[in-house]
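These notes are about the structure you will find just below.
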Amino acid sequence: MSGLIFTGAIRKKNTLRSYEAVIEPFCQEFNEREIGQVTPDEILSFLNRLTDGNKPCTKRVRYSQLSCFFNFVRYNIEPESANPCDTPMIRKLYRQKVKSKWEIIEKDVIDEIIFRTTNLRNRLMLELMARGGMRVGEAS
């Protein structure tokens, strides 16, 4: 692990700083071992310690960065090594949450709301929003 050298130009300082948050603790913990000998259980334990107390988005980013690091090593340094982050269990633990879909109101309900609005200004705004696809800030 100590023979790992990063070469080439680093274009974004923030990208380097972001990856250092994962790579430095990883190198400190697994310094004496070959990179191909790290097991998925050790990676899971490492990620849990590293991201303890962080938000789910940060946990996902740290997992992605470590996975990208292993892919980089596999594609550029050790082609026969496997990515220990690429197991179904770890991917499931660090996957992004599915975003909820908006509930769409039926056209008849929208027409009823517009029809029952007595204030002319509000009625016009609702018509613009419903028929023209405008948002509240765009219609006002």
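Looking at the structure I just gave you, is Leu47 closer than 19 Å to Phe26 by Cα, in contact with a Lys or Arg (Cβ under 7 Å, 6 or more places away or on another chain) and outside any loop (DSSP other than H, G, I, E, B)? So Leu47 fits the description; yes. The residue of the range 62-116 that is surrounded by the most Cβ atoms within 10 Å (Cβ to Cβ), among those that are hydrophobic (A, V, I, L, M, F, W, C), assigned to a helix (DSSP H, G or I) and within 21 Å of the chain's Cα centre (by Cα), is Leu66.
Any read-out appearing in this document is the output of simple, stated calculations on the displayed coordinates, not a laboratory observation. As the structure is a computational prediction, the values presented were derived from the model and not from experiment. Positions of Cβ are backbone-derived with ideal geometry, glycine not excepted, and every protein chain shown enters the neighbour counts.
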